[in-house]
Every structure is written in C-alpha cells, then in structure tokens.
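Readers should treat all values here as calculations from the given coordinates under stated rules, not as data from a laboratory. Nothing here was measured: the structure is a model prediction, and the numbers come from that model. As a convention, Cβ positions derive from the backbone with ideal geometry for all residues, glycine included, and neighbour counts pool all protein chains shown.
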C-alpha cells in the first residue's frame, strides 16, 4: 500500500502547485489555516495506529494565525474484546488534553508544537481498564510556498508544505495489545515517527475551501512493534461572519484516513489495517485575542481491523490566545 499512498501525496502536492496561478490576495483580517496533518497527524490514538498529535481535528485555528492554547478531544470506538468472531463488543474512549501552539519564525516559516496528556479507558468483560499519562510530543514546521497578493476581486490562493517529528515521550506497553483488537490503546507509539504535509486554501472574499493531505511514516519501537504508516486527507468549506467585533466561522467538510498494517518483529499483525471516511462540522468564535472552537466528526463509511472495530464519533473543544 505504500507506493499508492506516497503517489497520492505527491500528486496532490503537484495539483496544489499548478492550481496556485499568479493572482492577487484579498484583504482578510484573519488567516484561515485549518491545517490537518490526522492524524494526523490525522491522529491522536486513531483507530488503527496510535500516535500523538491532533488527530483529524486539525493542527491550526481558523481564526488565530499565531497562537497558544489548550484543547480537549474525545474519540469513541467499539471493538471486540478478543480475537475471535464471537468475542463481545466493548466501548472504548480515548481522551486527550493538549497544549498546542503555532509561532512564526520568519514571514514564510512557522513552527508548531503539541504536548498531549491522555486518559483512556475501555470497558472489558473482565472490568474497566484505564491508562493515563504524557503522550508523544510533536514538533512541526511549515513553509509558505505560494500566497497571492492583495486584490479582493479575485480568488486567493495559499499553499503550504512542511514536515514534523513525533518523539516517543509517551509510554508504550505490550500488555495493552495482548488479546485485543484495538492495538492503539496506548499512551504513545514508543517510536520516532515522521510527518509530511501539504495544505491548500482557496478563498473568495469570506467563503473558502481548505484541502489538506499528510502522511505519517512510523518506525519500529524498542519492543519491536511498528504501527502502520498513515495517510490523512480532508476538505473543509468555511465562511466568515463578522458582527460587533465578533468573528464566527462555521465549517463543514469530509476527512479520510488510511492505515497500513502494523508489524511486530517484522511480521504483519493481522486485522490492523483499515480506512475510514468522516463528515466534519464545527464552529469557531473569536473576539479580540481569544477564540473558542467546537468541532465534531461522524463516520460515513469505514472498514477498520477487518470489521472488528468501529469508529463512533469524535469531538473537540479548544481555547486559544492570539500572539
């Protein structure tokens, strides 16, 4: 699956570059930068491969160009308590509180950091299991490849590419994976993982469309376990309302995730690959230097762990302070 995924990533990059024809940029008070690196970095403990970033909830604020803030997000899954076809279904909740921020280094380069704290639980037939602690910290950098100049009569284009590094600061426990379908019940992957990403935004006055793609390359950890590489993509439509110095940005779109098979001691772990397509909706409200955001995701179609696991919903809330 690796070659098609990598080709998909670079194909979208090529499309974004060719789409950004030389036109003028419109006057906008806020920079709409809904960067979805998934996993993540569509991806804080996503369905088939745990990592430790912002998940499909994204990595930037719609209203804050540069910011620091705090975010909470929840991911709900159902999976079989065991590896057999008649194993009972159980409920799993992945919860994360995250300190995040995005800081400019130059006019074209920005650095982002994510520091997550997890508290996950699942209702096994033998009783409730809980884990909590620091997750894997992530550092990312983006480069502004192209941005149109100011002219409100034309479409505005913005293209960014970048990469990042996820550090194994979260604990990985082999015991959490034994006899269970969901191999992502962890605080971290225990591995150094690498991120590639691209984001393209096109706007017409207050209406815009954000398209994102990112690819997560995961390595083997000290326990000889390797989560599968992950492709994340999304497209989000947004609109800016302004009234009495309050900015409101509703948004709606779709997001997809594709997971490759996990490996242990170099051997493939059965039923760990999969894919899922979500609907996305949210609202961000800003006043002065503060913004409050709410986001939700519901699955449209999915095939996770050969049907032995189901994504139910995701939602998040964040509070940011603009720098």
With r defined as the distance between the Cβ atoms of residue 65 and residue 87 and R0 fixed at 51 Å, what FRET efficiency is calculated, to the nearest 0.05? 0.60
Potential lengthening between residue 283 and residue 268 on full extension [0.36 nm per residue; Cα-Cα distance subtracted]: 1.3 nm
Plugging the Cβ-Cβ distance of residue 323 and residue 237 into 1/(1 + (r/R0)^6) at R0 = 45 Å yields, to the nearest 0.05, a FRET efficiency of 0.95
What number, in percent, do you get for the relative contact order of the range 136-223 if the mean sequence gap of Cα pairs under 8 Å and at least 6 apart is divided by its residue count? 28 percent
Using a 7 Å offset from the Cα along the Cα-to-Cβ direction at both residue 76 and residue 147, what is the distance between the two label points in nm, to one decimal? 3.9 nm
In what order do 174, 222 fall by count of nearby beta-carbon atoms within 10 Å, going from fewest to most? 222, 174
